[in-house]
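The values are calculated or read from the model by the stated rules, or taken from the named source; none is laboratory data. All figures in this text were calculated on a predicted structure; none of them were measured in a lab. Quick reminder, even Gly has a Cβ in these numbers, built from the backbone with ideal geometry, and neighbours come from all protein chains shown.
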Amino acid sequence: MLTGRRARLNCVRRSPLSPPRSGTRFAPRPAPDAKRRVKHPLSEANPAPDAPVTVSDDRGTMRACVIRSTGGLERIEVADVAAPGSPALLGARDVRVAIRAAALNHLDLFVVRGLPGEYRFPHILGSDGAGVVETAGTDVTTVKPGDAVMINPGIWDGTCDFCRAGDHSLCANYQVLGEHLPGTLAESVLVPEDNLARVPALDPPLSWAEAAAFSLVSLTAWRMIVTRARVESGETVLVWGIGGGVSLAAMRIAKLRGARVIVTSSSDAKLAQARQLGADVTLNHRRQSVAQEVRALTARRGVDVVVDHVGEATWEDSLRCLAKGGRLVTCGATSGPLVLTDARRLFWNQYTILGSTLGNATEYAAVVRVLSSGALRPLVDRVYPLAEARTAFERLARGEQLGKVVVAVRGSAADTVVP
Ligand SMILES: [Zn+2]
């Protein structure tokens with residue numbers, strides 16, 4: 001299962017330079033002064049020396065979707081586990097969020113199958129979520145208890161050179177909720193304040209399912225299209241596999257940038273929906289040669305940008321589809337990570353190959369502003385109750401969805417958010 005262990009979707013990849021995981025502890029954040037040292041309440045193994053020893057962490061239990069070992073989807077269970085830190089032991093800039101809904105990503109499938117690195121079992125799954133602020137650390141200023149929030153699942157340390165330059169998703173100690181840290185498929189989760197955005201007020205209001213479905217794919221697609229590939233008005237963009245959340249978000253963001261977008265799928269039903277959502281041209285990659293069709297559609301020129309998260313199965317076709325000087329941007333490798341690139345084609349045509357992973361705080365704020373404007377409203381495929389979380393994973397694994405598969409953690413995910 002080398003491929004399964006290494007292949008990743010939705011653009012989250014552990015840096016080979018990362019030090020061993022420090023369990024459930026968030027990496028330290030920059031502190032304005034010594035009193036603001038961040039302590040993570042789940043870090044029993046590394047208690048801060050000035051922790052108040054007389055306060056017990058009376059955090060109780062909560063329902064969560066967990067695995068106790070890696071392997072097949074049968075490992076997924078819903079169980080009672082320890083809840084995150086009590087108010088007394090909350091880090092100064094940490095926030096405890098009562099999760100209303102959590103959305104699944106392909107990353108979650110790879111976490112279940114097993115990724116390199118240390119797991120702390122029971123491991124809570126889930127990277128995407130939305131909920132209500134329960135408790136905020138003493139130095140938290142941007143949210144307060146009762147606020148409806150969405151979560152940027154990429155946690156950075158704030159201290160490395162990349163973080164100081166604002167490039168948080170390049171952080172040397174980057175960690176992702178549900179992969180390196182306890183995830184969102186739980187009644188409560190702890191996140192740093194900087195990783196939260198208030199759910200914007202839309203008309204009609206967002207549901208909890210929509211709010212939960214927004215962050216990971218929208219942030220990932222934003223960085224790919226806007227920051228990395230720098231798609232401009234009038235350019236042509238090819239997006240593989242339009243059923244996936246990143247692809248759909250990439251298509252919509254490319255359209256907002258004024259590009260012409262060609263999308264592919266093996267499902268005619270998904271292609272029909274993609275046209276309704278703004279795709280200019282749709283290709284069924286099971287029946288059609290995408291490279292040939294793209295050449296025909298572009299008067300043999302090729303496209304300016306290809307968005308590829310599939311890897312082995314599409315890589316060479318992606319390069320064949322590019323115009324001279326074109327850019328290939330990738331955030332995943334669902335079909336396998338080992339791709340073949342003809343170096344002669346690369347230099348002669350002066351292609352640029354761009355890797356991309358999640359995004360930084362500025363990009364997250366930008367894509368939330370776009371959501372606030374009414375664009376990029378997430379598309380929810382189906383919602384399952386927490387008790388049926390494994391069934392939700394099975395739907396994602398079969399690739400049946402168009403839009404996001406969501407799990408309602410508390411109450412109904414169809415309820416609208418009151419920001
Ligand atoms: Zn860093």
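Summary table below
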{"item": "Checking ALA201 against (1) in a loop (DSSP other than H, G, I, E, B); (2) within 12 Å of the ligand (Cβ to nearest atom); (3) of a type in the set (A, V, I, L, M, F, W, C), the condition it does not meet", "result": "(2)"}
{"item": "Options VAL303, VAL261, VAL237: the member that is over 24 Å from the mean Cα position of the chain (by Cα), on the phi < 0 side of the Ramachandran plot and surrounded by 24 or more Cβ atoms within 10 Å (Cβ to Cβ)", "result": "VAL303"}
{"item": "Sole exception among (1) touching a residue at least 40 places away in the same chain (Cβ under 8 Å); (2) more than 20 Å from LEU219 (Cβ to Cβ); (3) out of contact with any strand residue (DSSP E or B) (no Cβ under 7 Å at 6 or more places or on another chain); (4) within 16 Å of the ligand (Cβ to nearest atom) for ARG93, by number", "result": "(3)"}
{"item": "Considering residues of the stretch 304-317 that are in contact with a strand residue (DSSP E or B) (Cβ under 7 Å, 6 or more places away or on another chain) and part of a loop (DSSP other than H, G, I, E, B) only, the residue farthest from ASN349 (Cα to Cα)", "result": "HIS309"}
{"item": "Test: residue in the stretch 141-151 that is over 25 Å from PHE393 (Cβ atoms), of a type in the set (A, V, I, L, M, F, W, C) and away from the ligand (no atom under 16 Å from the Cβ)", "result": "yes"}
{"item": "First in the stretch 157-184 and of a type in the set (S, T, N, Q), second anywhere and near the ligand (Cβ under 6 Å from one of its atoms), Cβ under 6 Å, 6 or more apart", "result": "ASN173/ASP157"}
{"item": "Selected residue (only one of VAL217, VAL176, VAL133 is outside any loop (DSSP other than H, G, I, E, B), within 16 Å of the ligand (Cβ to nearest atom) and within 28 Å of VAL78 (Cα to Cα))", "result": "VAL176"}
{"item": "Hits in the stretch 83-119 (condition: at pLDDT 95 or above, surrounded by fewer than 22 Cβ atoms within 10 Å (Cβ to Cβ) and under 20 Å from GLY60 (Cβ atoms))", "result": "ALA98"}
{"item": "Scan of the stretch 60-77 for residues that are of a type in the set (D, E, K, R), in contact with a Lys or Arg (Cβ under 8 Å, 6 or more places away or on another chain) and closer than 16 Å to PRO385 by Cβ, ordered by number", "result": "GLU77"}
